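The structure appears right after this line, and notes come after that.
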Amino acid sequence: MKLNRRVFVGTGMAAATTLSAPMIHAASHGKPKVVVVGGGAGGATAARYIAKDSQGEIDVTLVEPSRSYYTCFFSNLYIGGFRELDSIEHSYGTLASDYGINVVHDWATGVDRDAKTVSLAGGASVPYDRLVLSPGIDFVEGAVAGWDLSAQNAMPHAYKGGSQTELLKAQVEAMPEGGTYVMVAPPNPYRCPPGPYERISMVAHVLKASNPTAKIIIADPKENFSKQGLFEEGWQKYYPGMITRIGPDFGGGNVTVDPAAMSVDIDGELIQADVVNVIPAQKAGMICDAAGLTDGNWAPVSGHTMQSRMDENIHILGDSTNQGDMPKSGFSANSQAKVAAMAVRGALTGSRVFPAKFSNTCWSLIDTDDGVKVGATYEATDEKIAKVDGFVSQTGEDAALRQATYEESIGWYEGITSDMFG
Amino acid sequence: MTNTFGIFASVLGGSGLVLGLAYGWMSRDYRDQEIAALTERLSQMEDSRAALAAKADQAVAFEARLEDLEQALATARDEAEAARQAAAAPEVAATERVSDPVAEDVTSARLDFGDPAKGAEVFAQCQSCHQVGQGAEDRIGPHLNGIFGRRAGAHDGFNYSDDMQMMGADGLAWNRDTLDAYLENPKALVSRTRMNFAGLKDAGDRADILAYLRQFSASPQDIPEAAPTAQAPEVELAPEVLEIVGDTDYGEYLSSECKTCHQQDGSDQGIPAITHWPTEDFVVAMHAYKQEIRPHPVMQMMASRLSDEEIAALAAYFAQLE
Ligand SMILES: Cc1cc2nc3c(=O)[nH]c(=O)nc-3n(C[C@H](O)[C@H](O)[C@H](O)COP(=O)(O)OP(=O)(O)OC[C@H]3O[C@@H](n4cnc5c(N)ncnc54)[C@H](O)[C@@H]3O)c2cc1C
């Protein structure tokens, strides 16, 4: 195995462990090796559960380019002023120090499925017995006419965490009095179905206080969207007259942007905007395609184990997958990671494997102390992950329930992030 | 397809719409006013409708109660008559009574409501903490005037446990069924309630207390006569269910689903902690969600797909953590 010292940097106390013990261990004792690509909701959870539950029997390497993971969940609350940026930042230190995971800060650039190795941008090649991919999303090229990644500073997507979120927040706060915010909403399927609309709520919350004559326009290619009744009710109640949604019947799906001129053409009408938040159509993280694991935009998997339909040595999690009925959410990715971790351990160490159970709940904040939620449980069938049962908040709920729902989401955030990062 | 004028109107005119699917999502200025006026009228009419409906409901409930009373009266007369006859021909009368469905109903209805006079006696054991009746005040526990129909944890000025407040926020309201479940085993309904009371196991005693308390509530119609929505009146658990020995490995896998929301370090901000929970209380609580006696929709959903064995497995896993 080629080892490039430069890339084995770990975080904090992790660095020492990373360089010495576990890797050498693996080589000399021939422990089964798992490589996890992507340290987000799916990948961090999978790495942690495999390392924790195998109690040292499996050698786990986590490949993730960033030293800090900024969650997309609650990034809207940061935009709305309900969270500080550092409260949604997480590091990989505990995964390395307490769970003995080799954290490698690098990009995976390719997978040799015959040789069972992952190549890294830094030049190393890491062998695996089982590979777990949870690389999140990338954007479909040409999805929004006039926009590509080079335009993301002028017209941010803020649909991957961190600097993009900061940029969008700064742009909203710098809007001139009575200015215009345009969101170009994505077509289905995309990460976090209520995400764009929670964002609209949070932007409206900020503008209502600081810039009440500002306007928000959503160009939307979808007929309907997640929790629509709840959002509409909230928008009318808190932000009357501020938000205009242009659906597909009125050309909301026919959009061209001009990042240099800061203009948006919606079905022939030119709008001069101060902030343009372009959330393009999405596809599986690029590494899935590079490894030949996609069919169309997404990577098909079996719900029983989260194994790729194209390679049984590879498990794929989270947003990148085409699995059936589950929405692309952090909660879903975390839930899928536990099923995959169990299957991987079963395959490599013979530990017991139980029937897969999945669940998801997505909370959204509409205004101060007004939270709503939607959730469901799922099971694996041979064909897909199939929905079993579900619920959604109701319109007209009283303030106490909405506040409890919001507080619950804060508890959930603490729960899931400690479930991911230890 | 396209309404170009509309886009401009809403952007420039500034009266953005957030309204009715019938209009699509595009607004026009002149339409906005029309929409606003129509919305206003609609909401007024809806208010009146709601008010009327509420009255109609009350009338129906009133009528139903009246009917029941008449029926109960008739049955009581019949029974008295039957008893008189029984004195003469005991065997025949007994058979008749058993096969008389109306008489049966009344018996069970009487059980549902209980006997307020007996309830007053049973209530004596509650009085060290709870007052009820004229001039009642909060003591160790809240006073119980007007308890029927009230949200759990919602009586102003009383310092409830966090769990009781959370249950109230989740939608727990006190009616005959929920009070009955709470009296039977307080912790089955509200895990960390401050009410330090083991529970009244005798269904008759509970029915009597509830009949007594109900006299001090303004809206006794909140007591469902024979709950047609069939909420289970208490957490019904066969002893075998409590005796299932859980599979800890399976419990460990299942518990991973709990940990997405419930924090492992036992903190309970927004979502209650589930660490250090006595096994039996855990099992009873999960079944209370499964039977939809506890109100939270996420927990009802999660519990509804857990079998008795799976609940036992979770309990066994959590128990061995401690
Ligand atoms: C605004 C917004 C709000 C949201 N709110 C919620 C919410 O309230 N609740 C909820 O459940 N979900 C929410 N989500 C969705 C949630 O963020 C995603 O569904 C979740 O992060 C998906 O997990 P994942 O593991 O698939 O991808 P990610 O969490 O995105 O992780 C992917 C990781 O892989 C790394 N990576 C990618 N390619 C490579 C490579 N080639 N080599 C190495 N590493 C790589 C990336 O750096 C990244 O860290 C929200 C999303 C957005 C945008």
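Against the test of being outside the structural domain of A:His304 (by TED's automatic domain parsing) and closer than 27 Å to A:Gln55 by Cβ, the options A:Ala380, A:Ala341 yield a single qualifying residue, A:Ala380.
What number of residues within the stretch A:126-139 satisfy the criterion of being more than 13 Å from the ligand (Cβ to nearest atom) and either among the hydroxyl-bearing types (Ser, Thr, Tyr) or more than 30 Å from A:Ala115 (Cα to Cα) (or both)? Number of matching residues: 1.
A:Asn334 satisfies every condition listed in (1) within 14 Å of the ligand (Cβ to nearest atom); (2) open to solvent by less than 30 Å² (accessible area, probe 1.4 Å); (3) in contact with a Phe, Trp or Tyr (Cβ under 6 Å, 6 or more places away or on another chain) except (3). Exactly one residue out of A:Ser97, A:Ser66 is within 15 Å of the ligand (Cβ to nearest atom) and among the polar types (S, T, N, Q), and it is A:Ser66. The set of residues in the stretch A:399-422 being among the acidic types (Asp, Glu), out of contact with any strand residue (DSSP E or B) (no Cβ under 9 Å at 6 or more places or on another chain) and without any contact (Cβ under 8 Å) to a residue 40 or more places away in the chain consists of A:Glu414 alone.
Applying the set (1) more than 14 Å from the ligand (Cβ to nearest atom); (2) among the acidic types (Asp, Glu); (3) more than 10 Å from chain B (Cβ to nearest Cβ) to A:Glu379 leaves exactly one unmet item: (3). In the set A:Ala158, A:Ala124, only one residue is assigned by TED's automatic domain parsing to the domain that holds A:His90 and open to solvent by less than 30 Å² (accessible area, probe 1.4 Å); that residue is A:Ala124. Of all residues in the stretch A:345-367, those that are touching a strand residue (DSSP E or B) at 6+ places or on another chain (Cβ under 8 Å) and in contact (Cβ under 8 Å) with a residue 24 or more places away in the chain total 13. Here A:Gly179, A:Gly146, A:Gly142 are screened, and the one residue that is away from the ligand (no atom under 12 Å from the Cβ) and within 14 Å of another protein chain (Cβ to nearest Cβ) is A:Gly179.
Considering every residue within the stretch A:204-215, establish whether at least one is β-branched (Val, Ile, Thr), open to solvent by 30 Å² or more (accessible area, probe 1.4 Å) and more than 16 Å from the ligand (Cβ to nearest atom). Yes, some residue in the stretch A:204-215 is β-branched (Val, Ile, Thr), open to solvent by 30 Å² or more (accessible area, probe 1.4 Å) and more than 16 Å from the ligand (Cβ to nearest atom). Looking only at residues of the stretch A:344-367 that are in a helix (DSSP H, G or I) and open to solvent by 10 Å² or more (accessible area, probe 1.4 Å), we find that the one that is nearest to the ligand (Cβ to nearest atom) is A:Arg345.
In the stretch B:113-133, the residues that are of a type in the set (Ser, Thr, Tyr) never reach a residue that is outside any loop (DSSP other than H, G, I, E, B) with C-beta atoms less than 8 angstrom apart, at least six apart or across chains. Scanning the stretch B:187-202 for residues that are open to solvent by 50 Å² or more (accessible area, probe 1.4 Å) and either more than 17 Å from B:Leu172 (Cβ to Cβ) or assigned by TED's automatic domain parsing to the domain that holds B:Met286 (or both) gives B:Asn196, B:Phe197, B:Ala198, B:Lys201, B:Asp202. Looking for something touching a Cys at 6+ places or on another chain (Cβ under 9 Å), within 13 Å of the ligand (Cβ to nearest atom) and either among the basic types (Lys, Arg) or open to solvent by 10 Å² or more (accessible area, probe 1.4 Å) (or both) - is there at least one such residue anywhere in the stretch A:295-310? The answer is yes; a qualifying residue exists. So in the stretch B:232-250, with the set limited to residues that are within 10 Å of another protein chain (Cβ to nearest Cβ) and outside any loop (DSSP other than H, G, I, E, B), which one is surrounded by the most Cβ atoms within 10 Å (Cβ to Cβ)? The qualifying residue surrounded by the most Cβ atoms within 10 Å (Cβ to Cβ) is B:Tyr250. Residues in the stretch A:153-163 that are away from the ligand (no atom under 14 Å from the Cβ) and in contact with a strand residue (DSSP E or B) (Cβ under 8 Å, 6 or more places away or on another chain): A:Ala154, A:Met155.
To keep it simple, each residue is scored yes or no on (1) over 24 Å from B:Pro142 (Cα atoms); (2) at pLDDT below 85; (3) aromatic (Phe, Trp, Tyr); (4) in contact with a Gly (Cβ under 9 Å, 6 or more places away or on another chain).
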site: B:Ala198; (1), (2), (3), (4): no, no, no, no
site: B:Leu210; (1), (2), (3), (4): no, no, no, yes
site: B:Gln215; (1), (2), (3), (4): no, yes, no, yes
site: B:Ala230; (1), (2), (3), (4): yes, yes, no, no
site: B:Glu243; (1), (2), (3), (4): yes, no, no, no
site: B:Glu252; (1), (2), (3), (4): yes, no, no, no
site: B:Glu257; (1), (2), (3), (4): yes, no, no, no
site: B:Thr260; (1), (2), (3), (4): yes, no, no, yes
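Whether any residue in the stretch A:185-203 is within 12 Å of another protein chain (Cβ to nearest Cβ) and either farther than 18 Å from A:Asn76 by Cα or more than 22 Å from the chain's Cα centre (by Cα) (or both) is what I want to check. Looking through the stretch A:185-203, none of the residues is within 12 Å of another protein chain (Cβ to nearest Cβ) and either farther than 18 Å from A:Asn76 by Cα or more than 22 Å from the chain's Cα centre (by Cα) (or both). Set side by side, the residues B:Phe148, B:Phe158 differ, and just one is open to solvent by less than 20 Å² (accessible area, probe 1.4 Å) and more than 11 Å from every other protein chain (Cβ to nearest Cβ), which is B:Phe148.
When restricted to residues that are β-branched (Val, Ile, Thr) and part of a loop (DSSP other than H, G, I, E, B), the stretch A:140-168 contains 2. Scanning the stretch B:161-174 for residues that are touching a helix residue (DSSP H, G or I) at 6+ places or on another chain (Cβ under 8 Å) and either surrounded by fewer than 18 Cβ atoms within 10 Å (Cβ to Cβ) or at pLDDT below 85 (or both) yields one hit, B:Gly171.
The values are calculated or read from the model by the stated rules, or taken from the named source; none is laboratory data. Computed from a prediction, not measured in an experiment: that's the story for all the values here. As a convention, Cβ positions derive from the backbone with ideal geometry for all residues, glycine included, and neighbour counts pool all protein chains shown. Accessible surface is based on the protein model in full, side chains and every heavy atom, while ligands, DNA and RNA are left aside. Shrake-Rupley method; radii C 1.70, N 1.55, O 1.52, S 1.80 Å.
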